[in-house]
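> I have a structure I would like to understand better, so I am pasting it below and will then ask my questions one at a time.
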Amino acid sequence: MSLLNHPSTSISSSSSAFLGRDHRRLKTRPHNVLLPAKRSWICKCVATPPAEVTAYKTKVSRNANMAKLEAGYLFPEIARRRAAHMLKYPDAQVISLGIGDTTEPIPDVITSAMSKRSDALSTIEGYSGYGAEQGEKLLRATIASTYYANLGIEEGDIFVSDGAKSDISRLQVLFGSEVTMAVQDPSYPAYVDSSVIMGQTGQYQKDVGYGNIEYMKCTPENGFFPDLSTVPRTDVIFFCSPNNPTGSAATRDQLTQLVQFAKDNGSIIVYDSAYAMYMSDDNPKSIFQIPGAKEVAIETSSFSKYAGFTGVRLGWTVVPKELQFSDGFPVAKDFNRIVCTCFNGASNIAQAGGLACLSPEGIKAMHDVIGFYKENTEIIVKTFNSLGFNVYGGKNAPYVWVHFPGQSSWDVFAEILENTHVVTTPGSGFGPGGEGFVRVSAFGHRANVLEACRRFKELYK
């Protein structure tokens, strides 16, 4: 509040009452004496700016490993840029061939089984609460007999989960912060990011990657299989075949080399087979098809890209009983403890869907869905080949790996998005070896894939 002072020669009873003075007591004064000027006061209210509020801070230090992570996780960052593009072009028909999210409906034979299980939960006879953290016995046994028949993998080696990505992080908890690791370069970013979070790595260096991670270069020149003679020993080796993002698949001879390399170095392979059912060539679909692999390997997989379970969430990890730590302790026992501590088991409804996937009708339905996406890859591959690009992948995986030599992957991503309204994935998001490439996903409705390819031709003709 401020008071503005205004001099006045008039005397008013109202003002005197306000000021609390009794001017009626004034005596007559000689005319040559000046009366003091009457002061009238006006009140004016002025808003005071609120005091700056300082946010309360706890005394808990931030996990320093989180600060090492570069920007955001790749796919949320792509989603953020897509959203910004849609705000800029609200009327554009944006087509997403970026994140590997399935688009076709889950087959009826599978959803019917989940619906039946869901309905049963509303009855006394059909209700079930907590289940085994490792998964329902029948599902584990069926996974073993369907995907690992005659390979020596049994029900007890299978751990059912809410997806391969979750199991990758659980495996990192199992290994701890003191291990060293190697990854294909390029590779699925969850391997590296989970390693950073666990404290296994050093700082990030542009165009190099994180310290204390061995990036195994996978390029067109080496057939996307690393020269193992140049790779130093590490405790853990992450390996994905068919590979995300390059779409390449390791041959039997190459996987035999990898298993022998792990044995010679006393390493453990974490083998990601999430795209095994896309394999067209006569390559192994499981690392356990290689003799001796059960002594050095773990395998993780998922129903996500076979049955459209990216939202349903169901996968599994195989930890053979033969696999041991350096002190002879079974790896499976420690992983079982991790699972029981960190996880209450996959949804019983999702597990009913998993069993339906592995029925004869379900397997046929999954192959039909996979066949649809593989037709999409053929369309995309033919498009970029016709435009003169060097194109890789597509045959054994739902991803097409397109080379833009001498260009930044993020710049190409931005160019395509700005000019065609199509979302792709910049190769550098998968590691330093992905620079100069863009991944195009075959997960999309046929009409969208055809329209996207028409726009690619307009842009690069």
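> Has the range 387-396 got at least one residue that is of a type in the set (D, E, K, R) and within 30 Å of Pro105 (Cβ to Cβ)? Can you show your working first?
Of all residues in the range 387-396, those of a type in the set (D, E, K, R) come to 395.
This time we only want the ones that are within 30 Å of Pro105 (Cβ to Cβ), so: 395.
Yes, that holds for at least one residue.
> List the pairs whose first member sits in the range 409-437 and is within 21 Å of Asn243 (Cα to Cα), whose second member is part of a strand (DSSP E or B) and open to solvent by 20 Å² or more (accessible area, probe 1.4 Å), and whose Cβ atoms are under 6 Å apart, counting only residues at least 6 apart or on separate chains?
Close Cβ pairs (under 6 Å, with a partner that is part of a strand (DSSP E or B) and open to solvent by 20 Å² or more (accessible area, probe 1.4 Å)) amount to Val423/Ser96; Gly433/Lys217; Phe437/His403.
> Out of the range 285-315, which residues are within 17 Å of Leu151 (Cα to Cα) and either assigned to a helix (DSSP H, G or I) or in contact (Cβ under 8 Å) with a residue 40 or more places away in the chain (or both)? Explain how you work it out, then say what you get.
Filtering the range 285-315 down to residues within 17 Å of Leu151 (Cα to Cα) leaves 285-301.
Hits for the range 285-315 are Lys285, Ser286, Ile287, Phe288, Gln289, Ala293, Lys294, Glu295, Ile298, Thr300, Ser301.
> I'm trying to understand the selection: among the residues of the range 88-128, which are hydrophobic (A, V, I, L, M, F, W, C), part of a helix (DSSP H, G or I) and touching a residue at least 40 places away in the same chain (Cβ under 8 Å)? Steps first, please.
Filtering the range 88-128 for residues hydrophobic (A, V, I, L, M, F, W, C) gives 92, 94-95, 97, 99, 106, 109-110, 113-114, 120-121, 124.
Narrowing the set further to residues that are part of a helix (DSSP H, G or I) leaves 109-110, 113-114, 120.
If the condition is that a residue be hydrophobic (A, V, I, L, M, F, W, C), part of a helix (DSSP H, G or I) and touching a residue at least 40 places away in the same chain (Cβ under 8 Å), then Val109, Ile110, Ala113, Met114 are the ones that fit.
> Residue by residue through the range 255-298, note down the ones that are open to solvent by less than 60 Å² (accessible area, probe 1.4 Å), within 21 Å of Pro232 (Cα to Cα) and among the β-branched types (Val, Ile, Thr).
Of everything in the range 255-298, those that are open to solvent by less than 60 Å² (accessible area, probe 1.4 Å), within 21 Å of Pro232 (Cα to Cα) and among the β-branched types (Val, Ile, Thr) turn out to be Val259, Ile268, Ile269, Val270, Val296, Ile298.
> Which condition does Ala55 not pass, out of (1) open to solvent by 100 Å² or more (accessible area, probe 1.4 Å); (2) in a loop (DSSP other than H, G, I, E, B); (3) modelled with pLDDT under 95, if it passes all the others?
Only one criterion is unmet by Ala55, namely (1).
> In addition: Against the condition within 23 Å of Ala120 (Cα to Cα), open to solvent by 20 Å² or more (accessible area, probe 1.4 Å) and without any contact (Cβ under 8 Å) to a residue 24 or more places away in the chain, how does Gly328 come out, does it pass? I'd like the intermediate steps shown before the answer.
Values: within 23 Å of Ala120 (Cα to Cα): no; open to solvent by 20 Å² or more (accessible area, probe 1.4 Å): yes; without any contact (Cβ under 8 Å) to a residue 24 or more places away in the chain: yes.
For Gly328, the condition - within 23 Å of Ala120 (Cα to Cα), open to solvent by 20 Å² or more (accessible area, probe 1.4 Å) and without any contact (Cβ under 8 Å) to a residue 24 or more places away in the chain - is not met.
> List the helices (runs of 4 or more DSSP H) inside the range 345-461, counting only whole elements, that have at least 1 residues being open to solvent by 60 Å² or more (accessible area, probe 1.4 Å). Give the steps one after another, and end with the answer.
Numbers: elements: 348-357, 360-386, 409-420, 446-460.
Once the helices (runs of 4 or more DSSP H) in the range 345-461 are filtered for at least 1 residues that are open to solvent by 60 Å² or more (accessible area, probe 1.4 Å), what remains is 360-386, 409-420, 446-460.
> Please enumerate the residues belonging to the range 339-361 that are over 19 Å from Glu155 (Cβ atoms) and of a type outside the set (Gly, Ala, Ser).
Thr341, Cys342, Asn344, Ile349, Pro360, Glu361 - these are the residues of the range 339-361 that are over 19 Å from Glu155 (Cβ atoms) and of a type outside the set (Gly, Ala, Ser).
> Right, next: Evaluate the range 125-147: report whether one residue or more is surrounded by 15 or more Cβ atoms within 10 Å (Cβ to Cβ) and of a type in the set (Ser, Thr, Tyr).
The answer is yes, given that some residue of the range 125-147 is surrounded by 15 or more Cβ atoms within 10 Å (Cβ to Cβ) and of a type in the set (Ser, Thr, Tyr).
The values are calculated or read from the model by the stated rules, or taken from the named source; none is laboratory data. What you see is a predicted model, and the numbers here were worked out from it, not measured in a lab. No Cβ is skipped: glycine too gets one built from the backbone with ideal geometry, and neighbour counts run over all protein chains shown. With ligands, DNA and RNA removed, areas are computed over all heavy atoms of the protein, side chains included. Shrake-Rupley method; radii C 1.70, N 1.55, O 1.52, S 1.80 Å.
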